[in-house]
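The values are calculated or read from the model by the stated rules, or taken from the named source; none is laboratory data. Computed from a predicted structure; not experimentally measured. Here the Cβ positions follow ideal geometry from the backbone for every residue, glycine too, while neighbour counts run over all protein chains shown. With ligands, DNA and RNA removed, areas are computed over all heavy atoms of the protein, side chains included. Shrake-Rupley method; radii C 1.70, N 1.55, O 1.52, S 1.80 Å.
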Amino acid sequence: MLYAIIVPLAWVIWHLGFAIKVVGRENLPKDGRGFVLAPNHLSAIDPVFVVLARFWGKKMLVMAKEEVMHVNPFFTWFFHQVGVFGVTRGRGDTTAVENAIEKVRAGQGLLIFPEGTRSKTDEPGKLKSGAFVIASAAGVDMIPCRIIYRHGRMRLFSRVRVCFGEPIPAETLYLGEQKSAAKLRENKQLLLDAWQKLYDENRFE
């Protein structure tokens, strides 16, 4: 219930502060299937832009680093209400990942930044494996998403484009029982190519 109130309210507030254009919303699943939504990462507020660009649909899961969940009790409560869950980086947090796989397999969407951290340039950073492992294990499509800021970085009142690409099919993402390293590299390149295509087609002149 809280999620259904927060998203429209945040949509109004965010559109006062930014000129947001959404491209490719038709590429998002509409049939209740789970999916992995994979955006590039430039700013701490990127998740807000992506959630608002999607706008409709049931609450997504949003993967965040564990320390974000413990800023103070209010934010811990708030994050839990809007679908954010923490993962301990660098120590193989298998419990959180397995829970995410179960929920995505059952039909929930997962927003996860494959770079794992914000890029210090306008170019995507090195991709980590988590998003691809989850998509493969859950048997769901991956939706590429490219966030493009007018000046390369987030600024108040900046123009922002959130672009959703065509899904990468679950069959293509499947890593096999042995989680093939070669296949994982191929999948990472597929996402990088999709991000580049979205950028080339929607970049600011």
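What nm value, rounded to one decimal, do you get for the distance between Ala106 and Trp56 when each label is placed 7 Å out toward the C-beta?
2.5
Only helices at least 20 Å long along their axis, Cα-based, and averaging 0.5 or more on Kyte-Doolittle count here, so list those DSSP H runs from the chain.
2-17
So if each residue of separation counts as 0.36 nm, and I subtract the Cα-Cα distance between Asn99 and Ile5, what length gain in nm does that give?
31.3 nm
Explain nothing, just the number: relative contact order of the chain, from Cα pairs under 8 Å at least 6 residues apart, as a whole percent.
Computed over the chain, the figure is 29 percent.
Between Lys65 and Glu166, 0.36 nm times their residue separation minus their Cα-Cα distance comes to what?
Additional length available on full extension: 33.6 nm.
Take the cross-link list Lys103/Lys197; Lys21/Lys103; Lys126/Lys183; Lys30/Lys103 and give me the ones stretching past 20 Å between alpha-carbons.
Over 20 Å Cα-Cα: Lys103/Lys197; Lys21/Lys103.
Suppose accessible area is computed on protein heavy atoms with a 1.4 Å probe; arrange Glu26, Glu123 from highest to lowest.
Sorted by accessible area, descending: Glu26, Glu123.
At 1.4 Å probe radius, can you tell me the per residue accessible area of the range 124-191 in Å²?
50
R0 = 25 Å: FRET efficiency of Leu156 with Thr121, Cβ-based, nearest 0.05?
FRET efficiency, Leu156 to Thr121: 0.75.
Convex hull over the alpha-carbon atoms of the chain: what's its volume per residue in Å³?
Per-residue hull volume (Cα only) is 123 Å³.
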